[in-house]
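The block underneath contains the structure these notes are about, expressed in structure tokens.
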6 protein chains.
Amino acid sequence: MVRLTIGEAAASLEASTSHETITVLESNLDDLSPQVVGYVMDRLLEEGALDAFCVPVQMKKNRPGALLTVLCRSEDAARLTRLVFAETTTLGVRQREEKRRALARRWINVATPWGEVRMKIASMNGTVTTYAPEYEDCRKIAAGHHVPLKSVMDEAVRSYVHKLNG
Amino acid sequence: MVRLTIGEAAASLEASTSHETITVLESNLDDLSPQVVGYVMDRLLEEGALDAFCVPVQMKKNRPGALLTVLCRSEDAARLTRLVFAETTTLGVRQREEKRRALARRWINVATPWGEVRMKIASMNGTVTTYAPEYEDCRKIAAGHHVPLKSVMDEAVRSYVHKLNG
Amino acid sequence: MVRLTIGEAAASLEASTSHETITVLESNLDDLSPQVVGYVMDRLLEEGALDAFCVPVQMKKNRPGALLTVLCRSEDAARLTRLVFAETTTLGVRQREEKRRALARRWINVATPWGEVRMKIASMNGTVTTYAPEYEDCRKIAAGHHVPLKSVMDEAVRSYVHKLNG
Amino acid sequence: MVRLTIGEAAASLEASTSHETITVLESNLDDLSPQVVGYVMDRLLEEGALDAFCVPVQMKKNRPGALLTVLCRSEDAARLTRLVFAETTTLGVRQREEKRRALARRWINVATPWGEVRMKIASMNGTVTTYAPEYEDCRKIAAGHHVPLKSVMDEAVRSYVHKLNG
Amino acid sequence: MVRLTIGEAAASLEASTSHETITVLESNLDDLSPQVVGYVMDRLLEEGALDAFCVPVQMKKNRPGALLTVLCRSEDAARLTRLVFAETTTLGVRQREEKRRALARRWINVATPWGEVRMKIASMNGTVTTYAPEYEDCRKIAAGHHVPLKSVMDEAVRSYVHKLNG
Amino acid sequence: MVRLTIGEAAASLEASTSHETITVLESNLDDLSPQVVGYVMDRLLEEGALDAFCVPVQMKKNRPGALLTVLCRSEDAARLTRLVFAETTTLGVRQREEKRRALARRWINVATPWGEVRMKIASMNGTVTTYAPEYEDCRKIAAGHHVPLKSVMDEAVRSYVHKLNG
């Protein structure tokens, strides 16, 4: 990683990634059962959130609360804000816009002893920087064939490596 | 929850909530005793912060730091920033603006075997979505009558439910 | 810190510390409002727990739960276990015994511009290893005189240092 | 909560709870993808763990690791330890015995506008201390009828309260 | 801390602090070994990040992920974003601008029994609000002279206090 | 993973793993700068701890403390307890014994484009369950050759896979 000038770094990033504006919704939950918080995360993803996650927060009066964060397309913000109000006890939802840069990715199929899985491949400036077997493909095989998930993932990587080398 | 169109969701949210711009202050604390961090949270709330909370962060050189976050009205930002500088060891405070949507709420009194407590009620589009007994009312009763806080809250809910059904 | 032999380390520790057996109570809370969790910590301390604290835990079904931990004298274990059952929704409390080594400590009074505070001093093998102003003494002064807590603590240390040097 | 003597507290606890010895397994994971950690928690529960959860830990070299904890019956310890070795990258699993006290519980059915759910009820010394609608019952109704989970739980509580009062 | 008017607070802050716009980069890591996360934090700091830290996050499918956060000068954002893409498995990096206020600071040298260390001193409106010995100076002395770090820091404070009093 | 009987699981585990008794030391730190906590973790590892890590804990009076945990051989417990007392402000260290099962491991060298690294290989009942390139070997190559750590690890895995397939 040769140190790039500011201009070179910007140009390289522009060439390898796309960018968009997303909305971030946040709500501090300090009077809601964790059971419901877990459920809400699932609901948000079902309803089109790009991502939903929780951060442990220490709130006033020694409350071990959760900071619920939702990433979404800006056009989904109103709908998902309503969902947060409907499914939780919160009385306030914060909102901000952020830019998100995404690396281009593609998929190829690779074989494992128990069936095919997709391998997700990301590149920057024409060079593969990351390859990883698709979690859900591997999970289904692991569950169906009673083999460790790790073994399925390892076999997918072996298969991909073999393809590259062959 | 029928899936709303973008326009319907926005209209519904607009009708049920108010919104305002708030300021978020953040400071990473990696050289301050947790004793003082706890105290500062109390001070910020006393001095008018809308909320103050801490997130555990893993900082450089393996430091288990705290990310202090303050939500406040924009006109209080300078005063509370000064308080953070005065009461902590931090040399930098970050600041951003966010939009906050708030659900309308109202209070009614309900009876418990040990006295009245307020019940906080929030509605969306005319339907009650959340009701919860006020923590401080319940806490005082629990402490004064030597009963579990949970029992006081349960009795307040029973009383509210009875009122609805009656 | 010259590296001690096993025997030397044990002898040194024995000479500087006392030890006792304490009971540790633990309960995973995944269906209780954080409001109540904060209250329970206070109650446990009021009722004689040596310490009470919460660890953020990621429980099944994506629940951001809290692991409530209580340290207590063994004779208080039954009473505090009852309190956990009475004040929370948990159906199970775990219990184990641990050895706790404590460093001998003493207190001296030191002056600050706003009044005296106690300084807690701990020694190991005759050498002072830690000195720290008592939090509650400093907090009361800070609150009463509208000065930063940090300043009160700093002044207490200055006074202690002056006493040592003088 | 009148303060009980040591003997009274012990007797009361003995009368209201059962106890058993369980095994706690722990493993610090600092070189495993969080994807696999999430999967392992599910697998452990499927294979008979009493509970499985993760604590965020800050490990050496600034690694944001996970402390995987498994609660199990002692006769399942060997089988679940093997599962941890098979499904993770860990090379060490720690093990200890703890006593677990459990509160007696029973279930009754209550009605909601969308169908029946079970209410879990726990008592101590003959007094109900906790009642809570079964999560899975409520979740299925919420998903099937497109109503907020919170509303289903609230209705179950209303129904239970009505039964008590009626 | 007399309560200032809005105008007074703003003027006081303006007089004591500088401010600048910085860029915040964030990425949720849920499929990367914590070993690599720790390494990336070091790399980001080496390459000019103002700060880099991790927050524990509970992500979908029960994954104990890490929220990597980078604070940097705006002109370094493209270069550090590339570094995050190159060194991690993430496919998305979020970006926002924030204002950062910094307190003026200066350094003076103070003596300890094992050599000099720098003391960092910050002031607000002409009054010293914080003084702290430089960590790296103290760490080197502690390591080189086999004394506790805490003792080196305590001696530096003693020396500084003596200078003030003398 | 065929479900084993209790006897089979125990026998299989006995054949693939060794076990030993270790000591766990724990101390809750609520009045110590995170700077010092990070340093102490390094010191403990230098002085022979098997592992040292911190868990974020929410302590009384809203303090964002750290639970320092040390794993060590029983003969090192006194020496490392002294170190915790000497380097931190804690006045109490808790101690318990645990059993630790360890999987047998071995190392083989594999080639990468930038030099050899060791691959750590663990087996259970004669089957390789985990292989992972040694972190420090990869880190040195990454730092020395200015390549991403992830690439070095990926290349080591490729080389190992090639060896297996060849």
- Query: Within the stretch D:45-86, which residues are within 7 Å of another protein chain (Cβ to nearest Cβ), farther than 18 Å from A:Leu149 by Cα and β-branched (Val, Ile, Thr)?
  - Reply: D:Val55, D:Val57
- Message: For the stretch C:11-35, give me the residue count where each residue is in contact with a Gly (Cβ under 8 Å, 6 or more places away or on another chain), among the polar types (S, T, N, Q) and facing another protein chain (nearest Cβ under 7 Å).
- Response: 1
- Query: Does A:Ser159 qualify as being in contact with a strand residue (DSSP E or B) (Cβ under 7 Å, 6 or more places away or on another chain), of a type in the set (Gly, Ala, Ser), open to solvent by 20 Å² or more (accessible area, probe 1.4 Å) and not in a strand (DSSP E or B)?
  - Reply: yes
- Message: Yes or no: the stretch C:100-119 includes at least one residue that is closer than 30 Å to D:Leu103 by Cα and more than 14 Å from chain D (Cβ to nearest Cβ).
- Response: yes
- Of residues in the stretch B:130-145 being under 24 Å from D:Lys150 (Cβ atoms) and assigned to a helix (DSSP H, G or I), the one farthest from the other protein chains (Cβ to nearest Cβ): B:Asp137
- Message: Filter the stretch F:123-156 down to the residues that are crowded, with 20+ Cβ neighbours inside 10 Å and small (Gly, Ala, Ser) and list them by number.
- Response: F:Ala132, F:Ala142, F:Ser151, F:Ala156
- Message: If F:Val93 satisfies all but one of (1) touching a Phe, Trp or Tyr at 6+ places or on another chain (Cβ under 9 Å); (2) within 14 Å of chain B (Cβ to nearest Cβ); (3) among the hydrophobic types (A, V, I, L, M, F, W, C), what's the number of the condition it fails?
- Response: (2)
- Query: Counting residues that are free of Cβ contacts under 8 Å to residues at least 60 places away in the same chain and crowded, with 24+ Cβ neighbours inside 10 Å, which strands (runs of 3 or more DSSP E) fully inside the stretch F:30-116 reach at least 3?
  - Reply: F:51-59, F:63-73
- Assuming E:Leu25 fulfils every condition listed in (1) open to solvent by 10 Å² or more (accessible area, probe 1.4 Å); (2) farther than 18 Å from D:Val55 by Cβ apart from one, which condition is it? (1)
- Query: If E:Thr127 passes every condition in (1) under 20 Å from C:Glu155 (Cα atoms); (2) in contact (Cβ under 8 Å) with a residue 12 or more places away in the chain; (3) more than 8 Å from every other protein chain (Cβ to nearest Cβ) but one, which one does it miss?
  - Reply: (2)
- Inside the stretch D:1-22, can you point out the residues that are open to solvent by less than 20 Å² (accessible area, probe 1.4 Å) and touching a strand residue (DSSP E or B) at 6+ places or on another chain (Cβ under 9 Å)? D:Ser12, D:Leu13, D:Ser16, D:Thr17, D:Ile22
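The values are calculated or read from the model by the stated rules, or taken from the named source; none is laboratory data. Quick caveat: nothing in here was measured; it's all calculated off a predicted structure. Cβ atoms come from the backbone with ideal geometry, glycine included; neighbour counts cover every protein chain shown. Note: areas computed on protein heavy atoms with side chains; ligands, DNA, RNA excluded. Shrake-Rupley method; radii C 1.70, N 1.55, O 1.52, S 1.80 Å.
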